Amino acid sequence: MQLKVDVLLDNDAEKDYLYDVLRMYHQSMDLPILVGDLKLVINEPSRLPMLDAIRPLIPLKHQVEYDNLTPKRSRKLKEVRLDRTHPEGLGMSVRGGLEFNCGLFISQLVKGGQADNVGLQVRMTVM
């Protein structure tokens, strides 16, 4: 894991923060807090491989929940641009976020709306 962290994080403060978060998790075993804290440092698509490197550090009984709380890594990322000033809106509804202790995901699409037209689908994670 350290090699992956060294490659993906070039800032020593971020590395220290990551290791502190992992130490605190192993004391508290509070998975939603761990994932929320991880999102502060794993905050761009190029850093998502760290989630796979961290997974073996999670006890087996928590790994399914960890997978549910973190973005899906097996899928390829798709970058799209939507015009938030469009008179008809973005054409989608989202759910999740910090208040729900989970990632942000698309919950509804407007048929023929911006999001639908660029190929977004219900249940996709928004980064």
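Here are the numbers for the structure shown:
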item	result
Arg81, sole failed condition from (1) outside any helix (DSSP H, G or I); (2) basic (Lys, Arg); (3) under 11 Å from the mean Cα position of the chain (by Cα)	(3)
Set Gly103, Gly96, Gly119: member being open to solvent by less than 50 Å² (accessible area, probe 1.4 Å) and assigned to a loop (DSSP other than H, G, I, E, B)	Gly119
Close pairs (7 angstrom Cβ cut-off, 6 or more residues apart or separate chains): modelled with pLDDT of 90 or more in segment 97-112, among the charged types (D, E, K, R) anywhere	Leu109/Asp116; Val110/Asp116
Helices (runs of 4 or more DSSP H) contained in segment 1-74 and holding at least 2 residues open to solvent by less than 20 Å² (accessible area, probe 1.4 Å), farther than 19 Å from Phe105 by Cα and touching a residue at least 40 places away in the same chain (Cβ under 8 Å)	49-54
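The values are calculated or read from the model by the stated rules, or taken from the named source; none is laboratory data. The shown structure was predicted, so the numbers you read here are calculated from the model rather than taken from an experiment. With ideal geometry, Cβ positions are generated from the backbone for all residues, glycine too; neighbour counts draw on all protein chains shown. For accessibility, only protein heavy atoms count, side chains too; no ligands or nucleic acids. Shrake-Rupley method; radii C 1.70, N 1.55, O 1.52, S 1.80 Å.
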